[in-house]
Amino acid sequence: MAVQVGDSIPEVSLKVLGEQGPADISTSEIFSGKKVVLFAVPGAFTPTCSAAHLPGFVASADKIKAKGVDAIVCVSVNDPFVMKAWGDAQNAEEIMMVADPAGDLATAMGAEMDGTAFGLGKRSARYSLIAEDGKVTALNMEQGGAFEVSSAEGILEAL
């Protein structure tokens, strides 16, 4: 069952690319004591994710943070090297680019999707959320690969 508003963000270990290479970061490190916007995408460098989803958050980062958000996090079932390269290519300096290499967060969130037919394998469904101190306060889960409710604009309306 998918995580719902009022639920805690599941505790999993994710990856970021730091100066020393790949590093673990837990969901509690990301969310504890903070107001965080997280958006999940099926894949870095994929068409909708690169043309609309991430660019919307890049363009709206200042407006989102002005509403009291401590961090904006983009997560995808990719490796940390790909996430860093994608963030660099998209000028996503204000976005924390986080890898969920084994899909642990996608599975724990109840957002795992099978992209095998598109050559992607197991991935995360597209969604966005707002969490305060690790509790989901708003959740915008897309249905069937759509990009309608999980945008930066949708988050700004929810904030």
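The values are calculated or read from the model by the stated rules, or taken from the named source; none is laboratory data. Please read these numbers as outputs of a predicted model, since none were measured by experiment. Using ideal geometry, Cβ is built from the backbone for each residue, glycine included, and neighbour counts are taken over all protein chains shown.
Any residue in segment 52-64 that is in contact (Cβ under 8 Å) with a residue 24 or more places away in the chain and among the β-branched types (Val, Ile, Thr) sitting within a Cβ distance under 8 Å of a residue that is surrounded by 18 or more Cβ atoms within 10 Å (Cβ to Cβ) and part of a helix (DSSP H, G or I)? List the pairs, counting only those 6 or more apart or interchain.
Short answer, once both residue conditions are applied: ILE64/PHE57; ILE64/ALA152; ILE64/ILE155.
Can you name the residue in segment 121-134 that is of a type in the set (A, V, I, L, M, F, W, C) and under 24 Å from LYS65 (Cα atoms) and, of all such residues, is surrounded by the fewest Cβ atoms within 10 Å (Cβ to Cβ)? Please lay out each step first, then the result.
Pass one, segment 121-134, residues of a type in the set (A, V, I, L, M, F, W, C): 125, 129-131.
Now narrow it down to the ones that are under 24 Å from LYS65 (Cα atoms): 129-131.
Details: LEU129: 23, ILE130: 21, ALA131: 26.
If we take residues in segment 121-134 being of a type in the set (A, V, I, L, M, F, W, C) and under 24 Å from LYS65 (Cα atoms), then ILE130 is surrounded by the fewest Cβ atoms within 10 Å (Cβ to Cβ).
Scan ALA61, ALA40, ALA117 and give me the residue that is among the aliphatic types (A, V, I, L, M) and touching a Phe, Trp or Tyr at 6+ places or on another chain (Cβ under 9 Å). I'd like the intermediate steps shown before the answer.
Values: ALA61 fails: touching a Phe, Trp or Tyr at 6+ places or on another chain (Cβ under 9 Å); ALA117 fails: touching a Phe, Trp or Tyr at 6+ places or on another chain (Cβ under 9 Å).
Result: ALA40 is the single residue among ALA61, ALA40, ALA117 that is among the aliphatic types (A, V, I, L, M) and touching a Phe, Trp or Tyr at 6+ places or on another chain (Cβ under 9 Å).
I need the full set of residues from segment 41-60 which are over 20 Å from PRO101 (Cβ atoms), of a type in the set (S, T, N, Q) and buried (at least 18 other Cβ atoms within 10 Å of the Cβ), in order please. Even if it seems obvious, please write down each step before you answer.
Taking segment 41-60 first, the residues over 20 Å from PRO101 (Cβ atoms) are 47-48, 51-52, 55-60.
Remaining after also requiring of a type in the set (S, T, N, Q): 48, 60.
SER60, the sole residue that qualifies.
Looking only at segment 9-42, count every residue that is touching a strand residue (DSSP E or B) at 6+ places or on another chain (Cβ under 6 Å) and either on the phi > 0 side of the Ramachandran plot or small (Gly, Ala, Ser) (or both) and tell me the total.
Total satisfying the criteria: 4.
Any idea which of VAL37, VAL3, VAL73 is in contact with a helix residue (DSSP H, G or I) (Cβ under 9 Å, 6 or more places away or on another chain), under 13 Å from LEU129 (Cα atoms) and modelled with pLDDT under 95?
Numbers: VAL37 fails: modelled with pLDDT under 95; VAL73 fails: modelled with pLDDT under 95.
So the residue among VAL37, VAL3, VAL73 that is in contact with a helix residue (DSSP H, G or I) (Cβ under 9 Å, 6 or more places away or on another chain), under 13 Å from LEU129 (Cα atoms) and modelled with pLDDT under 95 is VAL3.
For segment 61-120, name all the residues that are surrounded by fewer than 16 Cβ atoms within 10 Å (Cβ to Cβ) and at positive phi.
Within segment 61-120, GLY68, ASN91, GLY110, GLY119 qualify.
With (1) touching a helix residue (DSSP H, G or I) at 6+ places or on another chain (Cβ under 9 Å); (2) touching a residue at least 40 places away in the same chain (Cβ under 8 Å); (3) under 20 Å from GLU94 (Cβ atoms) as the list, and PRO22 as the residue in question, which single condition is left unmet?
That leaves (3) as the condition not met.
Is it the case that segment 12-20 has a residue that's of a type in the set (S, T, N, Q), modelled with pLDDT under 95 and over 17 Å from THR107 (Cβ atoms)? Steps first, answer last, please.
Kept after step one, since they are of a type in the set (S, T, N, Q), are these residues of segment 12-20: 13, 20.
If we keep only those that are modelled with pLDDT under 95 as well, we get 20.
If we keep only those that are over 17 Å from THR107 (Cβ atoms) too, we end up with 20.
The answer is yes; a qualifying residue exists.
If you check every pair at least six apart or on different chains, which have Cβ atoms under 6 Å apart with a residue in segment 29-43 that is touching a residue at least 24 places away in the same chain (Cβ under 8 Å) and assigned to a strand (DSSP E or B) first and a residue that is among the acidic types (Asp, Glu) and surrounded by fewer than 24 Cβ atoms within 10 Å (Cβ to Cβ) second?
LYS35/ASP70; LYS35/GLU132
Looking only at segment 5-40, count every residue that is exposed (fewer than 14 other Cβ atoms within 10 Å of the Cβ) and among the β-branched types (Val, Ile, Thr) and tell me the total.
Summing the residues that are exposed (fewer than 14 other Cβ atoms within 10 Å of the Cβ) and among the β-branched types (Val, Ile, Thr) in segment 5-40 gives 1.
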